[in-house]
2 protein chains.
Amino acid sequence: MAIGPKLDRIDLKILAKLQEAGRITNVELSDAVGLSPSPCLTRVKRLETAGYITGYGAHINLNKLGEFLTVFTEVTLGEHRRGDFSRFETRIAKIDEIVECHLVSGGYDYLLKFVARGVTHYQSLIEEMLENDYGIEKYFSYIVIKSPFIKHHFPIQNLFGE
Amino acid sequence: MAIGPKLDRIDLKILAKLQEAGRITNVELSDAVGLSPSPCLTRVKRLETAGYITGYGAHINLNKLGEFLTVFTEVTLGEHRRGDFSRFETRIAKIDEIVECHLVSGGYDYLLKFVARGVTHYQSLIEEMLENDYGIEKYFSYIVIKSPFIKHHFPIQNLFGE
DNA sequence: TTGCAGTGCGGCATTAAATGCCGCACTGCC
DNA sequence: GGCAGTGCGGCATTTAATGCCGCACTGCAA
């Protein structure tokens with residue numbers, strides 16, 4: 001096997017396959033990567049416990065559930081001391097509508113992704129943050145008009161040369 | 001059942017559950033939502049064919065596969081005629097390292113998310129785009145230093161009031 | 001109010017998949 | 001050249017996925 005030193009080609013195939021077909025049966029997966037079911041399952045379990053696979057999920061088409069508003073928000077904190085960042089991160093993590101948080105280099109500190117029911121809802125979330133000392137100095141909102149594509153998989157094979 | 005008019009509470013439970021545990025067995029799922037396996041599976045299949053569930057995937061821990069660089073890039077096109085947008089979207093969709101594309105309102109046109117092997121790799125991708133007439137007037141890169149969190153599920157229940 | 005038709009659920013039998021166990025082949029090390 | 005460790009395929013057993021069938025509940029109509 002591998003994992004300790006590095007994953008072998010079969011492990012990468014398994015990851016790539018599961019990434020785009022998370023609910024594939026082990027029998028099909030084993031066939032796709034060229035193994036019999038037993039060792040294939042062993043590898044999957046090992047990839048899971050070793051942390052290469054952190055979980056599985058269904059991709060839900062939010063638009064079919066109603067009208068949703070996605071917003072990317074640039075946030076600049078007022079203070080940049082040790083603790084200001086972690087406190088901010090801890091607090092926003094608890095807000096369900098903030099689905100992504102990225103600390104970036106450049107003109108501002110954080111890029112957040114919101115999914116709200118509409119502009120009113122989004123506005124109320126922002127006001128809540130401004131009024132309750134999250135440490136935000138300023139922010140700027142970019143409302144998503146449409147998302148031509150969101151790939152649910154990274155090019156594992158390509159990034160390695162395969 | 002529902003779906004035609006609107007999803008009932010059980011359907012939402014199924015979506016919420018599958019979103020965070022895509023590989024749960026139908027037996028467990030049925031138990032979690034309070035149904036027997038048969039009707040539960042029927043609902044899942046219907047949600048899939050009706051387009052509420054667009055697919056399943058494993059969440060891969062890219063950092064364990066090596067050092068990767070995530071970059072958010074703001075792009076402004078030089079021309080904004082009908083066709084300039086669709087042409088740009090079509091072309092960048094073919095670039096594996098661009099995993100998300102959002103058309104936004106505000107100071108620029110597109111917010112792109114890249115996953116590359118490093119700054120050199122990212123730079124080569126950008127140069128490739130600039131040299132080959134993608135219609136880019138200007139761009140700005142925000143390198144992700146760390147992502148405190150990326151939730152792989154939207155608050156389905158909460159957004160509807162549970 | 002009583003009967004009829006349509007819809008969705010739970011129970012049961014059958015088929016397929018997930019798991020665990022065992023012996024064999026390949027590789028590195030004595 | 002023989003021995004120990006690792007990973008694979010095959011096989012038996014336990015579970016889950018599916019498809020079928022009759023029953024209960026709801027709305028509609030006489």
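The values are calculated or read from the model by the stated rules, or taken from the named source; none is laboratory data. Just so we're clear, the structure is a prediction, and the values are computed from it rather than from any experiment. Please note: Cβ atoms are built from the backbone with ideal geometry, for glycine as well, and neighbour counts cover all protein chains shown. Just so you know, the surface numbers come from the protein's heavy atoms only, side chains and all, with ligands and any DNA or RNA stripped out. Shrake-Rupley method; radii C 1.70, N 1.55, O 1.52, S 1.80 Å.
Residue by residue through the stretch A:47-74, note down the ones that are closer than 23 Å to B:LEU47 by Cβ, at the interface with another protein chain (Cβ under 9 Å from one of its Cβ atoms) and open to solvent by 60 Å² or more (accessible area, probe 1.4 Å). The one that is closer than 23 Å to B:LEU47 by Cβ, at the interface with another protein chain (Cβ under 9 Å from one of its Cβ atoms) and open to solvent by 60 Å² or more (accessible area, probe 1.4 Å): A:LYS64. The set of residues in the stretch B:26-41 that are among the β-branched types (Val, Ile, Thr) and either at pLDDT below 95 or more than 8 Å from DNA strand D (Cβ to nearest atom) (or both) contains only B:VAL33.
Determine which member of the set A:ARG46, A:ARG23 is within 11 Å of DNA strand D (Cβ to nearest atom) and part of a helix (DSSP H, G or I).
The unique qualifying residue is A:ARG46.
Just name the residue that is farthest from the other protein chains (Cβ to nearest Cβ) out of those in the stretch B:21-46 that are of a type in the set (Val, Ile, Thr) and open to solvent by 60 Å² or more (accessible area, probe 1.4 Å). Applying the filter and picking the extreme gives B:THR42.
Just for the stretch B:95-136: of the residues that are charged (D, E, K, R) and in a strand (DSSP E or B), which one is nearest to B:PHE68 (Cα to Cα)?
B:LYS113
Among residues of the stretch A:116-140 being within 11 Å of chain B (Cβ to nearest Cβ) and touching a helix residue (DSSP H, G or I) at 6+ places or on another chain (Cβ under 7 Å), the one that is farthest from B:VAL144 (Cα to Cα) is A:ARG117. On the basis of being modelled with pLDDT of 95 or more, more than 19 Å from the chain's Cα centre (by Cα), open to solvent by less than 60 Å² (accessible area, probe 1.4 Å) and not hydroxyl-bearing (Ser, Thr, Tyr), does A:PHE85 make the cut? Criteria met by A:PHE85. Outside any loop (DSSP other than H, G, I, E, B), among the β-branched types (Val, Ile, Thr) and away from DNA strand D (no atom under 15 Å from the Cβ): does that describe A:ILE92? Here the answer is yes, as A:ILE92 does meet what is asked. Go through the stretch A:45-64 and count every residue that is within 15 Å of B:ARG23 (Cβ to Cβ) and more than 21 Å from the chain's Cα centre (by Cα). Summing the residues that are within 15 Å of B:ARG23 (Cβ to Cβ) and more than 21 Å from the chain's Cα centre (by Cα) in the stretch A:45-64 gives 1.
For the stretch A:49-62, give me each residue that is in a loop (DSSP other than H, G, I, E, B), within 18 Å of A:ASP11 (Cβ to Cβ) and of a type outside the set (A, V, I, L, M, F, W, C).
A:GLY51, A:TYR52
With respect to the conditions (1) touching a strand residue (DSSP E or B) at 6+ places or on another chain (Cβ under 6 Å); (2) within 7 Å of chain B (Cβ to nearest Cβ), A:ASN158 lacks only one, and its number is (1). For A:GLY34, are the conditions met, namely being in contact (Cβ under 8 Å) with a residue 24 or more places away in the chain, within 16 Å of DNA strand C (Cβ to nearest atom) and in contact with a strand residue (DSSP E or B) (Cβ under 7 Å, 6 or more places away or on another chain)? Judged against the criteria, A:GLY34 is not a match. Does B:ILE14 fit the bill of being within 20 Å of A:ASN63 (Cα to Cα) and within 11 Å of DNA strand C (Cβ to nearest atom)? When the stated conditions are applied, B:ILE14 passes them.
Is it true that B:ILE150 is of a type in the set (A, V, I, L, M, F, W, C), open to solvent by less than 80 Å² (accessible area, probe 1.4 Å) and in the same structural domain as B:THR90 (by TED's automatic domain parsing)? For B:ILE150, the condition - of a type in the set (A, V, I, L, M, F, W, C), open to solvent by less than 80 Å² (accessible area, probe 1.4 Å) and in the same structural domain as B:THR90 (by TED's automatic domain parsing) - is not met.
Within the stretch B:110-121, track down each residue that is open to solvent by 10 Å² or more (accessible area, probe 1.4 Å) and in contact (Cβ under 8 Å) with a residue 12 or more places away in the chain.
B:LYS113, B:ARG117, B:GLY118, B:VAL119, B:HIS121 - these are the residues of the stretch B:110-121 that are open to solvent by 10 Å² or more (accessible area, probe 1.4 Å) and in contact (Cβ under 8 Å) with a residue 12 or more places away in the chain.
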